[in-house]
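Written below as structure tokens is the structure these notes are about.
The values are calculated or read from the model by the stated rules, or taken from the named source; none is laboratory data. Remember, it's a predicted structure, so these values are computed and weren't measured experimentally. When we count neighbours, we look across all protein chains shown, and the Cβ atoms used for this are built from the backbone with ideal geometry, even at glycine. Only protein heavy atoms, including side chains, enter the accessible area calculation; ligands, DNA and RNA are left aside. Shrake-Rupley method; radii C 1.70, N 1.55, O 1.52, S 1.80 Å.
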Amino acid sequence: MTCFISSCVVVKEYEKVNINDPDMILSEKKCDRNVVVAHSYREAAVGANGGKMGGGCGCN
Amino acid sequence: MNKSSIFICIPFLLLVPFLFLNAQNDQSSSNAYKKRVLETAEVDFLSSYYSQDGDNAAVTGGIGSEALTDATGTILVSIPLNDDDVLTIDAGISAYTSASSSNVNPFDGKGAADPYVASSGASRSDIWTNVSIGYSHSSDDRNDIWSVNVSIASEYDYFSAGVGGSYTKLFNEKNTEVSIKGNVFMDSWTPIYPSELRPFYGGNGVNNILFTQYSLTGNTDYNPRFIPFKTKERNSYSIGIGFSQILHKNIQAALALDFVQQEGLLSTPFQRVYFGDIDDSFIQNFHLADAVERLPDTRYKIALGGRLNWFVNAYTTVRTYYRYYFDDWGINSHTASMEIPIKIANKFTLYPSYRFYNQTAADYFRPYEKALSTDNYYTSDYDLSKYSANQFGIGLTYTDIFTKAHIWKFGLKSIDVKFYKYDRNTTFQSTILTAGFKFVMD
């Protein structure tokens, strides 16, 4: 892992304008939160997406 | 070392390489200039309207209407307390109406009881409320972020209290990020059982007024297996490890590994099961329960997910996601999605998306009348069955970075509207319409 990281090009702060675009966020967007909740209620798989991993029965 | 200990230890062992890496962290950070973590207070209003239908309701043992609608409203307030600290308050309310829940008691006297027809009973609707408060602190160089949160959620037959925390470390000139988070939810049920089963525990059984008021047909010697659950608590413990890396000035990726352990009452008390080796009893068109679902009192879940986002050009971004999930109930699952935001005008972005999901069945899943009275565990909840699902979505976002439109001291920064249609390869389908309004304080 260390080798992998060190082999990556380091992007300087002034080069991060595209990386900092709101659509580049590495998680679900706030407006999709209720969609993630619906999936967590109806599907067995949860986690690894920034969504809720417990609490609430989700049984209806 | 028992299974539980192994489960808790694995995440920490996986963190060791990252801690080693952290020790070699570059010294590029400087305290010369400290930008506020959050410049000004932000308020998000989120709302959604969800609708589903299908013919495999868990409440009626794998048959019957799954019709359900749910309207949700949430307010999310982020307040900068100083340069380094942010307080977040998240409050939501959700009101649902459910045909299957209504059939916890299908004998409302208003038409023949039928699993495909909603009853007018009290269980047809409920309101879920949630409040969560979070606090985060960032170090002067913004390379260390700590956060804690507490939450409570409540509905008629369920209460949940949660506490969590996370630590995030950025290094490699903020090109690399490692995080660890943990959450504990302590939930409790107020069990509600199918109405025809209630007389069989401490009641007068088949002599109850229910069975004299209505005529039993089929097997008139109705004698279900019913013992209320002793445990009413459900606890969930989760640990998540995250890693993200900027790969190029236009590409970044993330990996997430989550471990979840649940214990306690993992069955849903009002979900019926019909045994294939028991003669069927009916009132009107309604098949009377042979039992309620029985599931193990522990469950271990592991999910490994990855994201890769690519800023193709000033007009197009590609957002991809994949997750592999498995648990000790025998479920394996794959999730893959892609969203392609397209800037169609100065302030407008279009969000077409597609998501694929599949899962194998839980070891304890049995369709209608396929469970046996000799089984230890059984459920006819099709959310635990084998299926695949496709979801198509479209959204539109309006963004005004100058926040010209105002309500009091808050300027409107963005409006998001999205619509998703979700179809399983069973009879189940759903749609959800979401809207979000983001305001920032002047």
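Got a sec? What order do B:GLU233, B:GLU173, B:GLU339 fall in by accessible area at 1.4 Å, biggest, i.e. largest, first?
I get B:GLU233, B:GLU173, B:GLU339, largest accessible area first.
So if R0 is 60 Å, what FRET efficiency would B:SER215 and B:TYR33 give, r being the distance between their Cβ atoms, rounded to the nearest 0.05?
Working from the Cβ atoms, E equals 0.15.
For the interface of B with A, what's the total buried accessible surface in square angstrom, probe 1.4 angstrom, rounded to the nearest hundred?
It comes to approximately 5600 Å² buried between B and A.
State the extension gain, in nm to one decimal, for the chain segment bounded by B:MET441 and B:TYR354, taking 0.36 nm per residue of separation less the distance between their alpha-carbons. Mind showing how you got there, number by number?
Numbers: separation 87, 0.36 × 87 = 31.32 nm, distance 3.46 nm.
Extra length available between B:MET441 and B:TYR354 comes to 27.9 nm.
Loop-only check: which chymotrypsin sites (Phe, Trp or Tyr not before Pro) in region B:371-442 are DSSP coil with at most 12 other Cβ within 10 angstrom? Working shown, then result.
On the way: sites: B:TYR377, B:TYR378, B:TYR382, B:TYR387, B:PHE392, B:TYR398, B:PHE402, B:TRP408, B:PHE410, B:PHE419, B:TYR420, B:TYR422, B:PHE428, B:PHE437, B:PHE439; in loops: B:TYR377, B:PHE402, B:TRP408, B:PHE428.
Qualifying residues, ordered by number: B:PHE402, B:TRP408.
Tell me, what is the 1.4 Å probe accessible area of B:VAL417, in Å² to the nearest 10?
Counting only protein heavy atoms, B:VAL417 exposes about 70 Å² to solvent.
Rank these residues by their accessible area, most exposed first, probe 1.4 Å: B:VAL312, B:VAL117, B:VAL43.
The residues order as B:VAL117, B:VAL312, B:VAL43, largest area first.
Sticking with the crude label model, points 7 Å out along Cα→Cβ, report the distance from B:ASP280 to B:LEU87 in nm, one decimal please.
5.9 nm
Pairs of lysine in region B:194-349 with Cα under 28 Å and at least 8 positions apart or on different chains: total? Please list the in-between numbers first.
Working: B:LYS230/B:LYS301; B:LYS232/B:LYS301; B:LYS249/B:LYS343; B:LYS249/B:LYS347.
Total qualifying Lys-Lys pairs in region B:194-349 comes to 4.
Rounded to the nearest angstrom and ordered from largest down, what semi-axes does the equivalent ellipsoid of region B:89-197 get from its C-alpha gyration tensor (root of 5λ)?
46, 13, 12
Can you compute the FRET efficiency between B:ALA336 and B:ASN313 using 1/(1 + (r/R0)^6), with r the Cβ-Cβ distance and R0 = 25 Å? Round to the nearest 0.05.
Taking R0 as 25 Å, the efficiency between B:ALA336 and B:ASN313 is 0.55.
B:MET441: accessible area at probe 1.4 Å, nearest 10 Å²?
Here the accessible area works out near 70 Å².
What do you get for trypsin sites (Lys or Arg not before Pro) in region B:121-182 restricted to DSSP loop and a cutoff of at most 16 other Cβ within 10 Å of the site's Cβ?
Those satisfying the criteria are B:ARG142.
Using DSSP to define loop residues, name the chymotrypsin sites (Phe, Trp or Tyr not before Pro) in region B:273-356 whose beta-carbon has at most 14 other beta-carbon atoms within 10 Å. Don't skip to the answer; put the middle values down first.
Values: sites: B:TYR274, B:PHE275, B:PHE282, B:PHE286, B:TYR300, B:TRP310, B:PHE311, B:TYR315, B:TYR321, B:TYR322, B:TYR324, B:TYR325, B:PHE326, B:TRP329, B:PHE348, B:TYR354, B:PHE356; in loops: B:TYR274, B:TYR315, B:TRP329.
Filter output for region B:273-356: B:TYR315.
Determine the order of A:HIS39, B:HIS406, B:HIS137, B:HIS287 by accessible area, beginning with the largest, at a probe radius of 1.4 Å.
B:HIS406, B:HIS137, A:HIS39, B:HIS287
Ignoring ligands and nucleic acids, what accessible area does B:SER102 show with a 1.4 Å probe (Å², nearest 10)?
0 Å²
Roughly what angle does helix B:3-23 make with the longest principal axis of chain B, taking Cα atoms, 0 to 90 degrees, to the nearest 10?
Between the helix axis and the principal axis of chain B, the angle is about 10 degrees.
Pulled fully out, how much extra length does the chain show between B:THR231 and B:LEU433, if you take 0.36 nm times their separation in residues and subtract their Cα-Cα distance?
Values: separation 202, 0.36 × 202 = 72.72 nm, distance 3.72 nm.
Residue separation times 0.36 nm, minus the Cα-Cα distance, leaves 69.0 nm.
Quick check on chain B: take the gyration tensor over C-alpha atoms, sort the square-rooted eigenvalues as a ≥ b ≥ c, and tell me if it's rounded (a/c under 1.5), prolate or oblate.
Verdict is prolate for chain B.
Estimate the FRET efficiency between B:VAL131 and B:ILE401 by the formula 1/(1 + (r/R0)^6), using the beta-carbon distance for r and 51 Å for R0, to the nearest 0.05.
0.95
Assuming 1.002 mPa s and 20 °C, estimate D for the protein assembly as shown with Stokes-Einstein, Rh taken as the Kirkwood radius over Cα pairs, in µm²/s.
It comes out at roughly 87 µm²/s.
Of the accessible area of chain B, with the probe set at 1.4 angstrom, what percent is carbon plus sulfur?
Details: 12120 of 20050 Å².
Carbon and sulfur atoms account for 60 percent of the accessible area of chain B.
Counting only protein heavy atoms, probe 1.4 Å: which residues of region B:299-327 lose 30 Å² or more of accessible surface in the full assembly compared with their chain by itself?
Flagged in region B:299-327: B:ARG307, B:ASN309, B:PHE311, B:ARG319, B:TYR321, B:ARG323, B:TYR325.
With each pseudo-label sitting 7 Å past Cα toward Cβ, what's the B:TYR156-B:PHE45 distance in nm, one decimal?
Spacing of the two 7 Å Cα→Cβ label points: 2.9 nm.
Could you state the number of Å between the C-alpha centres of region B:334-399 and region B:270-306?
21 Å
Which parts of region B:251-280, residue by residue, lose 30 Å² or more of accessible area when the rest of the protein chains are there, as against the chain isolated (1.4 Å probe)?
Buried-area filter returns B:GLN252, B:ASP258, B:VAL260.
With a point put 7 Å past each Cα toward its Cβ, work out how far B:TYR322 is from B:ASP144 in nm, to one decimal.
Placing both labels 7 Å along Cα→Cβ, they lie 3.6 nm apart.
Accessible area per residue for region B:71-173 in Å², computed with a 1.4 Å probe and the full protein assembly in place, what is it?
42 Å²
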